[in-house]
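Only one structure is covered here, and it is reproduced in the block below.
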Amino acid sequence: MRAFLLWDGLFIFGLEPKISNGTQVLSLVIRPILKVVCIIMKQKTQEQCAYCGKIGKMTIEHVIPQCLFTKPLPLDIVKVPACEQCNNAKSADDSYLRDYLVTDASASEHKTARKIFTTKVLSSVRKNKSDLWRSFAPSAHLSLVHCRGGISLLYAGNLDGERIERALYRIVRGLYYRIFQQHIPENCNYSLTRWSPQEFNEFLPLLHKFGFNGPYGCGDAFKCIMQFADKSPFTTAWWLFFYDSICLHVLTEHKESE
Ligand SMILES: [Zn+2]
């Protein structure tokens, strides 16, 4: 017996193909199975892109970038269909987001963030391959910063906020698709703010009062909760937690008519 990994965790068990006169021949047992698999794959490839809504052949996209985790990847990692264009557009911003998160002083005590920083990030900095460090270094200066342990003297500098926003808004769009099975339309406004743990804790009683969806999570690197407006389901609020220490709040506002 042999297992063939065909599509996103779908395993088909069949007999080994027979070998006859040096030619590989599919057995009668495998042919009908392959026919069914072809039908399934054809249906799978005619999906909707979770990000832009295009219908067609899709790839499988990890909503929470894989680079935010250490190996082995968590089993509950979220995946959605994505067109090739959206999939390719994502990867560069993912690395930027990773470097932003694991370099942050707040995440320095988190085991996974620490490991990624001391291996992946420092290695790409040494090779001058980290876009974040290239933009950060010229403006880096020592500054008093409020962080978890109090006030510390740390390096501060300029970052490309647009890339971080793009990566986070994409996460929100992917999660929305995974939860509601539809994509957030183009005519939405997005906004991002960072919340301190204290701000979130102060807001928590209100969240409990009005209710929220979640928590949703992937491994130890990511958790989130969300709310949506009853009469405008694309108007949403998200609290994204990375490494149990960084809380980023994303709002999407649906413009009904444009
Ligand atoms: Zn797309």
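The values are calculated or read from the model by the stated rules, or taken from the named source; none is laboratory data. None of the values given here were measured: they were computed from a predicted structure. Backbone-built Cβ (ideal geometry, glycine too); neighbour counts: all protein chains shown.
Numbers below:
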{"item": "Selection from the stretch 29-76 of residues that are at pLDDT 90 or above and more than 16 Å from the ligand (Cβ to nearest atom)", "result": "ILE64, PRO65, GLN66, CYS67, LEU68, PHE69, THR70, LYS71, PRO72, LEU73, PRO74"}
{"item": "Every pair of residues 6+ apart whose Cβ atoms lie under 6 Å, when the first sits in the stretch 193-212 and is of a type in the set (Lys, Arg) while the second is surrounded by 14 or more Cβ atoms within 10 Å (Cβ to Cβ)", "result": "ARG194/LEU248"}
{"item": "Neighbours by Cβ (under 9 Å, 6+ apart or cross-chain): first from the stretch 118-137, in contact (Cβ under 8 Å) with a residue 40 or more places away in the chain; second part of a helix (DSSP H, G or I) and not charged (D, E, K, R)", "result": "LYS120/CYS67; LYS120/SER95; LYS120/VAL102"}
{"item": "Given (1) surrounded by fewer than 19 Cβ atoms within 10 Å (Cβ to Cβ); (2) at positive phi, index of the condition GLN198 fails", "result": "(2)"}
{"item": "Conditions (1) at pLDDT 90 or above; (2) away from the ligand (no atom under 16 Å from the Cβ); (3) more than 19 Å from ASP244 (Cα to Cα); (4) touching a Phe, Trp or Tyr at 6+ places or on another chain (Cβ under 6 Å); number of the one not met by LEU132", "result": "(1)"}
{"item": "Check on LYS209, modelled with pLDDT of 90 or more, of a type in the set (D, E, K, R) and in a helix (DSSP H, G or I)", "result": "yes"}
{"item": "Where a residue in the stretch 62-87 is of a type in the set (Lys, Arg) and its partner, wherever it lies, is within 16 Å of the ligand (Cβ to nearest atom), with Cβ under 9 Å and at least six apart", "result": "LYS79/ILE60; LYS79/GLU61; LYS79/HIS62; LYS79/VAL63; LYS79/GLY174; LYS79/ARG178"}
{"item": "Of all residues making up the stretch 85-111, the number that are within 16 Å of the chain's Cα centre (by Cα) and either farther than 20 Å from ASP220 by Cα or away from the ligand (no atom under 16 Å from the Cβ) (or both)", "result": "16"}
{"item": "The stretch 45-61 residues that are farther than 11 Å from ASN87 by Cβ, paired with ones that are polar (S, T, N, Q) (beta carbon under 6 Å, 6 or more apart)", "result": "ILE55/GLN48; LYS57/THR45"}
{"item": "Qualifying positions in the stretch 212-253 - of a type in the set (Ser, Thr, Tyr), in a strand (DSSP E or B) and within 17 Å of VAL78 (Cα to Cα)", "result": "TYR216"}
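Residues checked against (1) small (Gly, Ala, Ser); (2) more than 30 Å from PHE136 (Cα to Cα):
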{"site": "ARG166", "(1), (2)": "no, no"}
{"site": "ASN189", "(1), (2)": "no, no"}
{"site": "GLY211", "(1), (2)": "yes, yes"}
{"site": "GLY214", "(1), (2)": "yes, yes"}
{"site": "ALA221", "(1), (2)": "yes, no"}
{"site": "GLU253", "(1), (2)": "no, yes"}
{"site": "GLU256", "(1), (2)": "no, yes"}
